[in-house]
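Worksheet: one structure, shown below.
Derivation of every value follows stated rules applied to the coordinates shown; laboratory data play no part. Remember, predicted model here, so these are calculated numbers, not experimental data. Every residue, glycine as well, gets a Cβ built from its backbone with ideal geometry; the counts of neighbours run over all protein chains shown.
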Amino acid sequence: MGTKKSVTKKVQISIDKKLANDAEAIFEDIGLNQATALTVFYKKVVAEGGLPFDLKQTPEQRRNCRLHEALTGIPVQKLESRGQIETWFKDETQDY
């Protein structure tokens, strides 16, 4: 006689402990356990054909990216000795 195939799949993840605890507290408040909440999430992903929410950078992340891009084009002179540093500070053409 054959064995019955499992209709469930075990999913195991590692996640930040505080994040997990905070989420589990919310699940509990709305009457869900972690397995049910994740099942609801998976069903929503399947129903929508993707994540059920937009993933976007925060305004601060966008500003940081623009700042990084702007700074990438600025030439940087490596000053390794005291003499180089003193010369750099005395240079009237430096914009600092």
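Among the GluC sites (Glu not before Pro) in the stretch 1-82, those placed in a DSSP loop whose Cβ has at most 11 other Cβ atoms within 10 Å are Glu80.
Restricting attention to the chain, the count of lysine pairs at 8 or more positions apart or across chains with alpha carbons under 28 Å apart stands at 20.
Mind running the shape call on the stretch 12-91? Use the C-alpha gyration tensor, a ≥ b ≥ c as the square roots of the eigenvalues: rounded below 1.5 for a/c, prolate if a/b tops b/c, oblate otherwise. Taking the square roots of the gyration eigenvalues as a ≥ b ≥ c, the stretch 12-91 is prolate.
Loop-resident trypsin sites (Lys or Arg not before Pro) (DSSP state other than H, G, I, E or B) in the stretch 31-72 with no more than 14 further Cβ atoms inside 10 Å of their Cβ: Lys56.
Each other residue within a Cβ distance under 15 Å of Leu79 adds +1 if Lys or Arg and -1 if Asp or Glu, for a net charge of 0. Averaged over residues, the count of other Cβ atoms within 10 Å places the peptides 15-22, 31-38 in the sequence 31-38, 15-22, highest first. Counting 0.36 nm for each residue step from Lys78 to Glu48 and taking away their Cα separation leaves a gain of 5.6 nm. Taking Lys and Arg as +1 and Asp and Glu as -1, the other residues whose beta-carbon sits under 14 Å from that of Ala37 total -2. In this Cβ point-charge picture (+1 for Lys and Arg, -1 for Asp and Glu), the chain has a dipole of about 840 debye about its Cα centre. Applying both filters, DSSP loop and at most 10 other Cβ atoms within 10 Å, to the chymotrypsin sites (Phe, Trp or Tyr not before Pro) of the stretch 1-95 gives Phe53. Placing unit charges on the Cβ atoms of the charged side chains and taking the dipole of the stretch 12-91 about its Cα centre, the candidate lying farthest along the positive direction among Thr39, Ile85, Ala23 is Ile85.
On the basis of the beta-carbon distance and an R0 of 35 Å, Ile15 and Arg63 show a calculated FRET efficiency of 0.80.
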